[in-house]
Structure formats: C-alpha cells, structure tokens
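Here's the structure, in structure tokens; my notes come after.
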Amino acid sequence: MPSVLANAPKPIHKVLIANRGEIAYRILRTAREMGIETVTVYSEADRQAPHVRHADWAFPIGPPPSTASYLRGEHLIRLALEQQCQAIHPGYGFLSEIAAFAKAVEKAGLLLVGPGSRSMETMGNKVTAKQAVSGYNIPLVPGTNHPVSDPNQAAEIAQEIGFPLLIKAAAGGGGKGMRIVTKIEELHEALHLAISEATNAFGDGSVFLEKYIATPRHIEIQLLADDFGNMVYLFERECSIQRRHQKLIEEAPSSCLDTTLRRAMGEAAIRVAQACGYRNAGTVEFLLDNDNRFYFLEMNTRLQVEHPVTECITGLDLVRLQFEITAGLPLPIQQEDLRINGHSIELRICAEDPRNQFLPDLGKLIRFHPPQGPGVRLDSGYEEGMDIPVHYDPLLAKLIVHAPNRLAAIARMKRALDEFELSGPATTLDFGRWVMNQPAFVEGQFDTGFIAKYFRGAESLDTPLPPWESSVEGDPLSPSEQIAVAAIVLQHRYQSQESNTILPTLTKSSDTWHQLWKKI
Ligand code: ADP
C-alpha cells in the first residue's frame, strides 16, 4: 500500500523510529496503517522486542546503555539517510526534546516528527519558557523567571514568595531536580545542593525559586498546531496520581474542571504555544490550586506517555496527526468540531515495587496475559518471556480504558485489572487496583499528594478491599446529565422548601455523581 502522505507537500514514504518499548511499537502501528514504511532500531538488550519484529526493517545500534545506542543522534540520522527515510519520529524521552538533535535532523534535510528546534530550545528550559510566555497573559507560579545562584538574593526572593518553596532545576525533567525548602534556615544549604545536583544530572546548574503550591492538581492541555497557524486544544488530562513527582495514573477529562475553566485553560495553552511559534503535537502543563487558579508549569514539546486517554475521548489518532502536520498538511479539525466523548483512564504498568517505595524491580516476564474486551486498550513494548533490562525506564505497558462516563471507566479498569495475568517482576498493577477502590479517587477528591496521604505500601495492598458500594457500570449519562437526573429525583423526594435550599448546593460542579447519589 503506498503511503497516504505520498502526495503531501513534504511526502513521507519511510520513517525511522528513534525509540524503543511501547512508544516505538505504538508509532509503528500508525505508520503501517498509513502505508509508511518503518525502520526501527534496537540495542543489544532489545533484540527480542516486538517493535523489532514487526518493523519493515530493524537495525542494531549498539550495546544496552542508552548513551551507546538510543542517544547516538548522529548515528541514527546517518542510518535514516542510508535507508532513504524522509522522517525521524523520536517518540518521548531519549532524543525527543534535544534541540541540538532537532537541528541536526533539519540540517540533514530530514523531517523531524515534532516541533522545530527553536520551540524546543525555548521550552526545554523552565526559565526561558517562563520568560517566553510573559506578555501572553499566562498565570505563572509566583517565583523567579531567572536563574538564582547568590544565597543573599535567594533569601530576599524567598521572603517575598514565602515558605514552603521549591528550588527547581531550569533544565529539570521527569520529576527530578526539585527541592522543597520549608524555612529560611534551610535555604542556603538547599540552594548549594540543588545547584550541584542540577549540574551533575542535567549538565546545567541553573536553578530558580517557585512557591510550593499546597495540594495542587496536575492538569495538562494537549495541543495540535500546523504550519498554517491553525491550533486546537484537545482538552485536558489530569495526572495528579504521582510518585516522586512522576505520573502513574492519568485520565481525561479531569473530574474537577467545568466548561468555563476548561476553555480558560485551553485558551491559555494556545497562547503558550503561540509564544514559542509552536508546530505539531505538544502539551502545556499547569498546576491547579484549591481555589481553581491555574499556573503554567512547562510545555512538553513531544508526544506524551499519556496521550492515549486524549485519543480515546476525542477519537483522534495523535500520531497520525503528527505525521500529517510534519508532511505539511493543514489540521483537518477546528476547535468547534471537537467534543469530549466519555471518559478514559490510563494506568502505567511499571516494573517497580509499590510495596517497596516504588523502587524498580527486574526479572523475566514469566506470565504476561493482558485483558481484552470492550473499551480496553493495551500499549505494550514487552511480551511473555522477555527480560526487563536495567538500562531503561521501568515502563512495561499502559493499560487504557474508555467508557461512557468516569464511574463506568473506573468499573472497566477494575474489570480489566482483574483479568490481567502478570507474573515475574513486581509491578504497579496491584497499586492500580487499590487506587480504583479508594473513595477519594472514585469521588474525584484528590491532588498530587494522594499517594503520600493514603498509600501505606504493603499495608494498603494487603488489606482486603472494601465492597464497592454501587456498581454503575455502563451508566450512559454524562456528568451534567447525572446531575440533572439527581436534581429531578431530589425534586420528587423533597416536595418542600427544603429542595430549594438543597439543590443549589448540590449542583455545584465539585459534586460528583457519587456524592449526589449518597445525598439522595
Ligand atoms: P518535571 O519537568 O520534572 O516533570 P514539573 O515542573 O513538570 O517537573 O513538575 C512535576 C510535578 O512536580 C508536578 O506535577 C507537581 O506534582 C510537582 N510540582 C512542580 N512544581 C510545583 C510547585 N510549584 N508546587 C507544588 N508542586 C509542584
């Protein structure tokens, strides 16, 4: 089958996928559906991986450490040219946000399936990102938008921001390079340590100060932008269930946004993208505080791990759209065409032990039998019998469910987790099961401190789960319809003055269906 992009302004017939694991396989699947020939690469540790077997061509690129394989940008560009590829898809991680790699790809006359190197440069550093968006009416977390290294200056700024505060590495990522400071006496040493940690971890010792937002929710907006200045936002993802400031469970839409806030955040995200001349798929991350005020955190200039939940609720294939934009085609959708369809939840299945502080676990995948059935998607980079290498991120697979509403999605995730047969290393599967049964999660009343507040490792996982109060699997009503039904039921129940006082408080957007039902 010829490539569907054969006649695009910048035709793509063949792509090199510069990644591994589930994301390499996920990109490969869409490329094949589009008739684009695929070249994948693998380190010695990944010889058995499905992204190697299912590609049209696969090439070994070196020993297991990523610096000797997946991070060898020049080598990968040379291979793409030799193989007569027109494009390189970097996935996420590895080379995906390295502006120098994007520049080298451009220089070699290849297309990078992602944004231009200039947007990467601006957004790849949290300080330059903050500077770039100033003037675009984007709320920032109170703090500095320049690097701080002088302890006296830091002390002055800290007094203005107040405590607790965070010292963050400008070049930080993956939840690394953050340090909480709770009082002025800790500041001097914390600054010193943060600078040396940032230098060691990221090769850049720039740090800045930011107010520590108490009990925030992590809400991010998915964007798409083409070469012609068209931009759309594909609504939000909520990623507040985190360990070590890294996401474990994501969902779309968020249980705490109403239409007005969703639009305000979506439009703010578009302004962030405009501030850096963005093109392709990208994500703008925000923190939302207890008073529903949102603050810009950073922009990720690539496809995100959690993109499938957005695909589920919008019915779009983000990788396909990335290829189309790269090939110079205009976006096929406008903001007014977009609707949220149902609810989607993703669990990251990582080879790490929730009984032991989520530390990485290794070994052979002895049994790996994922669930199937309606509304279940599994994006995996592994198969039964494979060894999990020590050299990479512990993400094995992502379990994604889609259902008509949030409670039905939770019920579906529980069903899928019950079907999942996995043995070998410890994973986050048990943890996922536990979360789906927590009242705070079910009711949508949680923030980034969820794990610290409720999770007690083995003690939590080994305590029998409470019986699920009301099964609402398959409930076809949207949240607003559920509230309307609840209101009608209440009108009948309280044919008195009482209903007039109860109803306005019940229909606040913070009330979930579950809470309303309990009140009825
Ligand atoms: P990274 O680039 O390392 O992922 P982010 O700035 O995106 O770092 O933040 C990751 C997570 O760290 C957030 O989702 C949130 O949980 C926490 N975090 C970051 N900044 C703040 C802040 N100012 N206040 C409270 N929590 C924060």
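For the peptides 364-370, 350-356, 219-225, residues were scored by their other Cβ atoms within 10 Å and the scores averaged per peptide; the highest-first order is 219-225, 350-356, 364-370. Under a 5 Å amide H cut-off, with hydrogens placed 1.01 Å from N, SER240 pairs with HIS218 among residues at least 5 apart or on other chains. The slack in the chain from GLU160 to ASP462, taken as 0.36 nm per residue of separation less the alpha-carbon distance, amounts to 104.2 nm. Rounded to the nearest Hz, the phi-derived 3J(HN,Hα) couplings of region 239-250 under the Karplus curve 6.51 cos²θ - 1.76 cosθ + 1.60 (θ = phi - 60°) are 10, 7, 7, 9, 10, 6, 6, 10, 6, 10, 10, 10, where x marks glycine and proline. Scoring 79-86, 208-215 by mean Cβ neighbours within 10 Å over their residues and listing the highest first yields 208-215, 79-86.
Under 16 Å from a label point set 7 Å out along the Cα-to-Cβ vector of ILE366, the amide N atoms of region 376-406 belong to 384-388.
The spacing between region 379-413 and region 210-282, judged by their C-alpha centroids, is 22 Å. Of the peptides 15-21, 90-96, 250-256, the ranking by mean beta-carbon count within 10 Å, highest at the top, reads 15-21, 250-256, 90-96. Checking the cross-link pairs LYS103/LYS168; LYS14/LYS364; LYS107/LYS168; LYS103/LYS126 against a 22 Å limit on the alpha carbon distance flags LYS103/LYS168; LYS14/LYS364; LYS107/LYS168 as lying beyond it.
In this structure, the amide hydrogen of VAL207, modeled 1.01 Å from its nitrogen in the peptide plane, lies closer than 5 angstrom to those of VAL148, ALA170, counting only residues at least 5 positions away or on a different chain.
Net charge dipole, region 55-115: roughly 120 debye, given to the nearest 20, about the Cα centre with Cβ charges of +1 for Lys and Arg and -1 for Asp and Glu. The value given for the chain is a Kirkwood hydrodynamic radius of 24.3 Å, derived from the mean inverse Cα-Cα separation. Fully extending the segment from ARG47 to SER149, taken as 0.36 nm per residue of separation minus the present Cα-Cα distance, adds 32.2 nm.
If you wrap region 180-264 in the convex hull of its Cα atoms and look at it from every side, the mean projected area works out to 8.6 nm². Partner lysines whose Cα lies under 23 Å from the Cα of LYS414, excluding those fewer than 8 positions away in the same chain, are identified as LYS247, LYS398, LYS453, LYS518.
No lab work stands behind these numbers, since they all come straight from the coordinates. Computed from a prediction, not measured in an experiment: that's the story for all the values here. Heads up, the Cβs are rebuilt from the backbone with ideal geometry, glycines too, and the neighbour counts pull from every protein chain shown.
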